[in-house]
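Following: one structure in structure tokens, then a few remarks.
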Amino acid sequence: MSLKALNKTQKEAVEAVNGPVLIFAGAGSGKTRVLTHKLYHLVNEGLFKPEEILAVTFTNKAAKEMKERVLKLLKANDLNLSMGTFHSICARVLREDIDVLGFSRHFAIYDVKDQLDLIKVLFESFEISKNLVTPNQLRNQISLFKNKMMEPKAVESKAKTILEKTVSKIYKEYQKNLKLNDALDFDDLLTFPLEIFKKKPSVLKKYQKRWKYILVDEYQDTNRAQFQFLTNLASAHENICVVGDDDQSIYGWRGADVSNILEFEKTFSSCKVFKLEKNYRSTQEILNAATAVVMHNDKRASKNLVAANGSGETLGLLETIDEQEEASAVVSSIEKEIKLNKRTFNKFSVLYRTNAQSRALEESFIRQGIPYNIIGSVRFYERKEVKNVIAYLRLVVNLKDTISLRRIINFPARGIGAKTIDKCVEQAKKDKIEFIDVLKNPNNMEIRGKQADALFKFYNIIIKYHDLRKKLSASELARSLVEEIGILTHFKESKEPDAKDRFDNVAELLTSIEEFSVRNPDSELSTFLENVSLQTDIDNWNDTDNRVTLMTIHSSKGLEFPVVFIAGMDEGLFPLFRSLDDKSELEEERRLFYVALTRAEEKVYLLYATNRRRMGAETVNGLPSRFINEIPEEALDRISFSSAVTRKFVAGKRKKDGLTQMVRTVTDFDDFQVGDNVEHSIFGAGKIMALSGTGENQRVGVVFNDGTRKKLIVKFANLKKI
């Protein structure tokens, strides 16, 4: 295998090996191809052994795809390569050397829910009013401190107001309690390796010798801790290659610093710079529009993207009355695309700035019977019943994990209430022992009868499986534990309406642990729990499902679709109001729009509403986003749209904000009967097999000629009698 598949600039970037290399990779310019071929080149030419290479990405999905491609190029079955996300690589370092900081190698990794649970416990301890600051606000603030690498002492020294002093106090206690629980949060995963390197330089030298070549994907998204982690590792040999696009830096709100890529040459003065400007994804019309907008930013490196796929179509622009009509316009446009261009549902993606925008879209998709996936909804491992089982497993691995203990001490219900838990906490503090250890002597806390028996039994089960954790596989331990506790039986016998779903989810979790054990026969349960902690919803997204994908623009990073809808292009929604007076935030919003546009391969639809409900019932007048105005007029095709649902103005009724109240009325629909042959714009011809209701509330059950069965609301379905 040679490098013939690469263009001239890509090939030069791949072959540049000695010393630092910076690759500006414009959207769709073959970044992944360059990364995989570089890895292939390093190994195939014998320049570095696989185990001497560190490759860092931002998602598990990207790491998995990259490794699969490299294996295919090398015609190998496996490769001893250190590849993964920043969090997974740092977790690997910590599992090896965190004892330097006084933690055990079986530390727990707390997700957002665990962090909030811990902060809520601290709120109760210090009797802090949620009117001053909410647990979620405080968690976000702590995360921001950590991204800026500000330790509790530094925050405390700068605190002046009551709020600042309260935040600094909780931050200090939060870190203290994490250590007591032998736990880290996601931000600690990034900062703790730096503390280890500083405290024990010999550990840093060990990793510098281990990883002699470093490759970094999406470098524009690195924060201060990630930047320092990489520069520490690379300082000994300077064999580092970073790939990224400053125009796609969209994570400033979580600490990413676009200057890391823009000033890479200052950090590594001898670096070679390459610009990948040939785009293999989008049409020139899409690229021209994206470039015209992002050029309004000052903080960027200039690029001239040229499309390999020709000029393409202009961008569709639809003005709608409100979010309901906007959703109808999306559905209508999908129907036309399917009919005219024979597309399938998985060729479409609908992007939006905020999660709240998905509601109207989902309702419209459900009414029309259009299948969809929504990225960013509750992840499998965050579902309550799944998280409860995982909490059992985490406690078995780490007996100090009091957040997991609190979560499951009364699941399934065993009569242990909040007052009993408080007694246990007080006794643990009094005796200066772990929370788990007070459970074996409930009599010391004057707990008697069924409660005492329940605590003692719970303690014995946890200790039993803690002792078995290295003797059984992850799968054997999990199945045996779930069976002994009676979790599946609990859901099987439950009368709750969603009990069947919860039963299935726990069964699915056990299956996933079993599959993990088969793939990793030598791995312990703690490895599975770490993998779960570092999962994101996009890692499990399946683009082979024939469904329309709905997601925020942030979630769409790295993905591509033939047709992309960008909904909510209203000034104040995109860009957000809060960014309008802050130049750096506005530039990031503009980069976010650039990312949204460049997800599209063939066609883009932009939609905005002249009225939109925000913050509950409040309706505001909508103006088109400034980003629309920054696109040249000749690049836009203004499409007129009128939904089947129209509005009528109600005489004399005006809302407090001065807007005329609108009432939705149906202008026309057919009154169908069972046996009628009908046609649907997407599903084709079919027959009505069931019918309920009349007039505007009429619903029909249709069996289409291809066997598809759908329940539809007549006034929204646009069915035609044949």
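The values are calculated or read from the model by the stated rules, or taken from the named source; none is laboratory data. All of these numbers come straight from a predicted model, not from anything done at the bench. Glycine gets a Cβ as well: all are built from the backbone with ideal geometry, and neighbour counts include every protein chain shown. Surface accessibility is based on the protein's heavy atoms, side chains included, excluding ligands, DNA and RNA. Shrake-Rupley method; radii C 1.70, N 1.55, O 1.52, S 1.80 Å.
Report yes if residue 321 is open to solvent by 20 Å² or more (accessible area, probe 1.4 Å) and of a type in the set (Val, Ile, Thr), otherwise no. Considered against the rule, which asks whether it is open to solvent by 20 Å² or more (accessible area, probe 1.4 Å) and of a type in the set (Val, Ile, Thr), residue 321 comes out as yes.
So residue 216 clears everything in (1) open to solvent by less than 20 Å² (accessible area, probe 1.4 Å); (2) out of contact with any strand residue (DSSP E or B) (no Cβ under 7 Å at 6 or more places or on another chain); (3) touching a residue at least 60 places away in the same chain (Cβ under 8 Å) except one condition, right? Which one? The failed condition is (2).
Counting only strands (runs of 3 or more DSSP E) wholly contained in the stretch 1-105, the ones carrying 2 or more residues that are open to solvent by 10 Å² or more (accessible area, probe 1.4 Å) and of a type outside the set (Phe, Trp, Tyr) occupy 82-85.
When the stretch 193-203 is filtered for residues that are open to solvent by less than 70 Å² (accessible area, probe 1.4 Å) and either under 12 Å from residue 96 (Cα atoms) or not in a helix (DSSP H, G or I) (or both), the ones remaining, listed by number, are 193, 196, 203.
Scanning the stretch 135-168 for residues that are closer than 14 Å to residue 123 by Cα and in contact with a helix residue (DSSP H, G or I) (Cβ under 7 Å, 6 or more places away or on another chain) yields 135, 136, 138, 139, 167, 168. Selection over the stretch 235-268 of residues that are under 19 Å from residue 212 (Cβ atoms) and part of a loop (DSSP other than H, G, I, E, B) gives a count of 6. Pairing residues of the stretch 289-304 that are farther than 23 Å from residue 606 by Cβ and open to solvent by less than 50 Å² (accessible area, probe 1.4 Å) with residues that are assigned to a helix (DSSP H, G or I) and of a type in the set (A, V, I, L, M, F, W, C), at Cβ distances under 8 Å and at least 6 apart in sequence or on separate chains, gives 301/262. Has the stretch 130-143 got at least one residue that is of a type in the set (D, E, K, R), open to solvent by 40 Å² or more (accessible area, probe 1.4 Å), part of a helix (DSSP H, G or I) and at pLDDT below 90? No, every residue in the stretch 130-143 fails to be of a type in the set (D, E, K, R), open to solvent by 40 Å² or more (accessible area, probe 1.4 Å), part of a helix (DSSP H, G or I) and at pLDDT below 90.
Looking across 681, 643, one residue alone is under 35 Å from the mean Cα position of the chain (by Cα), at pLDDT below 75 and of a type in the set (Gly, Ala, Ser). It is 643. So, in the stretch 527-570, of the ones that are under 23 Å from residue 245 (Cα atoms) and in a loop (DSSP other than H, G, I, E, B), which residue ends up modelled with the lowest pLDDT? Only one residue fits best here, namely 536. Scanning the stretch 198-217 for residues that are touching a Leu at 6+ places or on another chain (Cβ under 7 Å) and more than 14 Å from residue 92 (Cα to Cα) gives 208, 213, 214, 215, 216, 217. The set of residues from the stretch 219-234 being touching a strand residue (DSSP E or B) at 6+ places or on another chain (Cβ under 8 Å) and either within 12 Å of residue 90 (Cβ to Cβ) or without any contact (Cβ under 8 Å) to a residue 24 or more places away in the chain (or both) comprises 230, 233. Residue check: is residue 327 open to solvent by less than 20 Å² (accessible area, probe 1.4 Å), aliphatic (A, V, I, L, M) and at pLDDT below 90? No, not satisfied.
Just to check your reading of the model, which residue among 715, 721, 655 is open to solvent by 40 Å² or more (accessible area, probe 1.4 Å) and modelled with pLDDT of 80 or more? Walk me through it before giving the result.
Values: 715 fails: modelled with pLDDT of 80 or more; 655 fails: modelled with pLDDT of 80 or more.
Exactly one of 715, 721, 655 is open to solvent by 40 Å² or more (accessible area, probe 1.4 Å) and modelled with pLDDT of 80 or more, namely 721.
Does residue 361 satisfy the criteria of being under 20 Å from residue 478 (Cα atoms) and open to solvent by less than 20 Å² (accessible area, probe 1.4 Å)? Judged against the criteria, residue 361 is not a match.
In the set (1) under 29 Å from the mean Cα position of the chain (by Cα); (2) among the β-branched types (Val, Ile, Thr); (3) surrounded by fewer than 21 Cβ atoms within 10 Å (Cβ to Cβ), the condition left unmet by residue 261 is number (3). Applying the set (1) under 20 Å from residue 482 (Cβ atoms); (2) out of contact with any Leu (no Cβ under 8 Å at 6 or more places or on another chain); (3) open to solvent by less than 50 Å² (accessible area, probe 1.4 Å); (4) not small (Gly, Ala, Ser) to residue 370 leaves exactly one unmet item: (1).
Take the conditions open to solvent by 20 Å² or more (accessible area, probe 1.4 Å) and either modelled with pLDDT of 85 or more or in a helix (DSSP H, G or I) (or both) and apply them to residue 518. Does it pass? So that I can check it myself, show each step before the final result.
Working: open to solvent by 20 Å² or more (accessible area, probe 1.4 Å): yes; either modelled with pLDDT of 85 or more or in a helix (DSSP H, G or I) (or both): yes.
Against the criterion (open to solvent by 20 Å² or more (accessible area, probe 1.4 Å) and either modelled with pLDDT of 85 or more or in a helix (DSSP H, G or I) (or both)), residue 518 qualifies.
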